[in-house]
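Notes to accompany the following structure.
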Amino acid sequence: MSLSPQPDETIEPSPVETPFAAAFDAERDLSITRIIRAPRAIVWRAWTDPDRLARWWIPAPMTARVERLELVPGGALITSMSEGGRAFEPHMNAVFVTVEASKRIVFTNALDAQWRPASPAPVAVTAEFTLTDHPEGTAYRATARHASADDRARHEELGFVDGWTMVTAALAALVEREV
């Protein structure tokens, strides 16, 4: 049996099965959902345009700057933040795991943009954002997956719900003005 393709045959790669949304683990995951009154295409554009992303990515009054946004699996997500006009400092150095246009984005900060293992402070997270059609616009879900229940609890204590709710509200405000 030959492992190389013969001249008259091709070998197709096996499709990688990725669930649209991985099962939620209440002990290790945190999630928020919101109906955004805008079509998915407009919400997606707010994720894929660095200028738009910078306008909602960090809770106000802080401001964000998008240093790198490579929305492909293995691509970089690097952002910095500033508060009160101070110098920008590092915020996020992550790598995209999955990008399904207009449907789903998954990144992790457990690897940095150079694909080196990272120990990010305050906690390593794999973040999943899903966009689905809804009669009123887009059903948006943001999920933070953690390695342990302790990591989840730490992220929650640090204000996950408030922070991610604030940035999702800022995202909604941005895109709903465009409708």
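The values are calculated or read from the model by the stated rules, or taken from the named source; none is laboratory data. It should be emphasised that the depicted structure is a prediction, and the values quoted were computed from it without experimental measurement. Cβ: placed from backbone, ideal geometry, glycine included. Neighbour counts: every protein chain shown. Remember, those area values only see protein heavy atoms, side chains included, never the ligands or the DNA or RNA. Shrake-Rupley method; radii C 1.70, N 1.55, O 1.52, S 1.80 Å.
Observations
- Protection proxy ranking of 122-128, 31-37, by the mean of other Cβ atoms within 10 Å over each peptide's residues and highest first, is 122-128, 31-37.
- With contributions of -39500 (n - 2.57) from each DSSP H run of at least four residues, the per-residue ellipticity at 222 nm computed over the chain stands at -7000 deg cm²/dmol.
- Mean Cα-pair separation over length for segment 26-96, i.e. relative contact order, pairs under 8 Å, 6 or more apart, %: 20 percent
- Taking a Cβ cut-off of under 14 Å around Thr138, the surrounding Lys, Arg, Asp and Glu residues balance to a net charge of +3, with basic ones at +1 and acidic ones at -1.
- Per residue, in Å², the accessible surface of the chain once ligands and nucleic acids are set aside, probe 1.4 Å: 57 Å²
- The slack between Glu176 and Ile32, meaning 0.36 nm per residue of separation minus the straight C-alpha distance, is 50.0 nm.
- Rg(Cα) / (2.2 N^0.38 Å) computed for segment 26-123, rounded to two decimals: 1.13
- Estimated inter-spin distance, Thr48 and Ala153, nm [label 7 Å along Cα→Cβ]: 4.1 nm
- For Val175, the shell of other residues with beta-carbons less than 15 Å away shows a net charge of +1, using +1 for Lys and Arg and -1 for Asp and Glu.
- Accessible-area value, Glu156, 1.4 Å probe, nucleic acids and ligands omitted, Å²: 90 Å²
- Calculated FRET efficiency, Ala87 to Thr165, Cβ-Cβ distance, R0 = 30 Å: about 0.65 to the nearest 0.05.
- Mean shadow area of segment 100-179 over all directions, Cα convex hull, nm²: 6.6 nm²
- Gain upon complete extension [Glu70, Trp115; 0.36 nm per residue less C-alpha separation]: 14.9 nm
- Dimensions of the chain based on its C-alpha atoms, expressed as ranges along the principal axes with the largest first, amount to 66, 40, 34 Å.
- Apportionment of accessible area to carbon and sulfur, the chain, percent (1.4 Å): 54 percent
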